[in-house]
Structure formats: structure tokens, C-alpha cells
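The values are calculated or read from the model by the stated rules, or taken from the named source; none is laboratory data. Computed from a predicted model, the values in this text were never measured in an experiment. Reconstructed Cβ throughout: ideal geometry from the backbone, glycine too, with neighbour counts over all protein chains shown. Quick note on the areas: whole protein, heavy atoms, side chains included, nothing else; ligands and nucleic acids left out. Shrake-Rupley method; radii C 1.70, N 1.55, O 1.52, S 1.80 Å.
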Amino acid sequence: WMGGEAMERRTGARRLVLCGFFAALMAVGAFIKIMIPLGIWQVTFSLQIFFALLSGMLLGSVSGFTSVAVYLIIGLTGVPIFAHGGGLAYVMKPTFGFLLGFAAAAYVSGKVLELAGKRDMKMLILAGVLGEAAYYLCGLAYYFIMFNYVLTGGQTIGIIELMSVWFLSTVVPDLILCVLASAVAGRLWTGLRDLIS
């Protein structure tokens, strides 16, 4: 019994370390970015969706979500680890929904694999695509609500403009990152499974 308890503690400690590691990768991914100017808008393309999906695929839904949540909490306390700084005021930015979307992406991609019970390339890509869909759903919904109903300032954004600026401009490169995350997860899973189980 004690041996099993000790093993459980070691597994929990390893998961904790991996959650911290992926939270750090999310911060690194925020600084590897390209700014895309689209009229009055500045859209940020970064590697964060790659690391968010990877955390869900490798750590599972709960631990993957936790790793991204830790990153978000640290950023909201004021540490400038988001793509454009940090602090609690970030919640009022229309683009904060995309940060929440990273947590959703990690959870959904991990949950799809858990429900499927297999990790072939086809299933990994499906998990990644559904995780990316959750990311965009959170981001677009938050942006639309904040811009149109909270931070009105005399301006509004319609569905077509919202989709063309905040979805169509980045969905293809994000999809490429999604496939890359699936391929990397497939390569790393065997070794990581032994480490955390």
C-alpha cells in the first residue's frame, strides 16, 4: 500500500512539473509572434495554440487545462507574459477571449483523445482541429460581446468583419500548427506516458 501511495505521489509531482513546464512554454510562445496589420486592426499570430494543443494531447484534458490556467493566472497578476503585456486589465480587452480559448483548446484536445481511447495520427489531428475550434469559438464570442456590448465606444463589429479579421486571417497558419502539434504529440507520447503513469 505504501509503495502504491509513494508511486502516486511521484506521478502527481511529475504532472505538476509538466504543468509548470507547459505554462512556461505558453509564455515563450507568446513572444514568438507575427503582427498582421488588417486596416485598423492588428492581429497577432503566435505559437501559443501549438503549445496549448500539445499540453492537452500529452498531459490530458485536466492537466493540460491546468497548465494553461496557471499561465493565465500568472499573466493576470501583472507578469508581462501575454503577447502584449499582462495585468488584470487584460480581462477588459476584447482579445482576452483568445487567451481563454487556449485553455479550452487544451481541455478539448485532451478530452477527445481520452474519449477515443487511441492515439493514431488521424485521431490526434481530429483532437487538434476540435481544440482549435474551441479556441476560436471562445475568442470570437468574447470579442463580439466585449466590442459590441461592453466597450462600445461608438464602434461595433459585425459577424462578417469579425470572421474576416479574427478568424480568416489566422485560421490557416493555426491549422498548420495544429497538424504540427498532432505530429509532435504522436512522437512524444510513448516516452511521456511512461513518465506520468
Order of 110-118, 127-135, 155-163, 179-187 by packing, highest average Cβ count within 10 Å first? 127-135, 179-187, 110-118, 155-163
Please compute the contact order of the chain in relative form: average sequence separation of alpha-carbon pairs under 8 Å and at least six residues apart, divided by the residue count, as a percent. 24 percent
Using a simple charge model, +1 on the beta-carbon of Lys and Arg, -1 on the beta-carbon of Asp and Glu, nothing else, what dipole does segment 107-197 show about its Cα centre, in debye to the nearest 20? 300 debye
Which of the lysines could a cross-linker bridge to Lys111, judged by Cα under 23 Å and excluding same-chain residues fewer than eight apart? Lys122
Under a plain spin-label model, where a point goes 7 Å from the Cα along Cα-to-Cβ, how far apart in nm are Ile34 and His84? 1.9 nm
Could you give the angle, 0 to 90 degrees to the nearest 10, between helix 61-76's Cα long axis and the longest principal axis of the Cα atoms of the chain? 50 degrees
Hits among lysines - C-alpha to C-alpha of Lys33 under 24 Å, sequence gap 8 or more where chains match: Lys93
Using a 1.4 angstrom probe on heavy atoms only, work out the carbon and sulfur share of the accessible area of the chain in %. 73 percent
Solvent-accessible area per residue for segment 70-150 at a 1.4 Å probe radius, Å²? 45 Å²
Once the Cβ-Cβ distance between Thr156 and Arg187 is put in as r, and R0 is 45 Å, what FRET efficiency do you end up with, to the nearest 0.05? 0.50
Mind checking the full-extension length gain between Asp120 and Ala24? Use 0.36 nm per residue of separation minus the Cα-Cα distance, one decimal, nm. 31.8 nm
Once fully extended, how much extra length lies between Ser169 and Val91, figured as 0.36 nm per residue of separation less the alpha-carbon to alpha-carbon distance? 25.8 nm
Once amide hydrogens are built 1.01 Å from N within the peptide plane, the residues lying 5 or more places from Val43 or on another chain with amide H under 5 Å from its amide H are Ile36, Leu38
